[in-house]
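The values are calculated or read from the model by the stated rules, or taken from the named source; none is laboratory data. Predicted, not measured: the structure shown is a model, and the values here were computed from it. Cβ coordinates were reconstructed from backbone atoms using ideal geometry, including for glycine residues, and neighbour counts include every protein chain displayed. Areas reflect the complete protein model, heavy atoms only, side chains present, ligands, DNA and RNA absent. Shrake-Rupley method; radii C 1.70, N 1.55, O 1.52, S 1.80 Å.
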Amino acid sequence: MLTSKQKELLLFINERIKETGVSPSFDEMKEALDLASKSGIHRLITALEERGFIRRLAHRARALEVLKLPDSAMAGPTQRGRKDFRPSLVSSGTPASAPSSRTVPLIGRIAAGLPISAIQQDNGHVNAPDGLPEGDDHFALEVQGDSMIEAGILEGDIVICRRTESANTGDIVVALIDGEEATLKRLRRKGASVALEAANPAYETRIFGPDRVSVQGRLVALVRRYD
């Protein structure tokens, strides 16, 4: 049986993975549960892991997978407007006899680190992951850098984004700074300002005026290719 805090954390992790495809950072978990320090989150995660509700994913810093939910949560209704999906891990050795029927344009590289020049164009295509909605305008970018590793996004991964100019606070977005620099970060709104937050303590959160940052797309899936 789970304590109320253990259950609250488990459901928060599960909903964040369903919403964004990646697990929340320790800072986000601490904020969501209104705890004073990350040590409390460490204890809760360890307890959930020992009870078989979650597991830590190898080679992905602090990335978590939900294995099961409490019976009370399984019986409840799902939240409206949330799509149930997980990142698609696609091997480069996929048999040619089973190609994907859809592709997404790979339009360049995106910095998960210090911002780089604005996104380039026409870099081929990647297979669309299963479950990607039909009809939406999607594009793919190859990740450079390690600033999003605690969100389970590694250098060399391919992020699939839906083209949009709006995003909610907490979304992982492709942001264009001053019309010149593109970066992949978690969006936070702080009053009239916009914060671009890394998922790696080695990188500082950068705060801008609202007129300096424009959203180009929102992360909806993650593709990892193995050579």
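General remarks:
- Exposure check, 1.4 Å probe, all protein chains in place: D178 carries approximately 80 Å² of accessible surface.
- Stretch gain in nm, segment E155-D178, where the contour uses 0.36 nm per residue and the Cα spacing is subtracted: 5.8 nm
- From largest to smallest, the equivalent ellipsoid semi-axes obtained for the range 172-224 from the alpha-carbon gyration tensor read 18, 14, 10 Å.
- For the range 166-227, accessible area per residue (1.4 Å probe, heavy atoms of protein chains only), Å²: 48
- Between H125 and S166, the FRET efficiency estimated from the beta carbon spacing at R0 = 25 angstrom works out to 0.45.
- Centroid-to-centroid separation of the range 1-48 and the range 148-191 [C-alpha atoms, Å]: 22
- Within the same chain, lysines fewer than 8 places from K190 are excluded, and of the rest, those with a Cα less than 28 Å from its Cα are K5, K18, K30, K38, K83.
- Partners of K68 within straight-line reach, counting aspartates and glutamates whose Cα lies under 16 Å from its Cα and excluding those fewer than 8 residues away in the same chain: E8, E15, E49, E50, D84.
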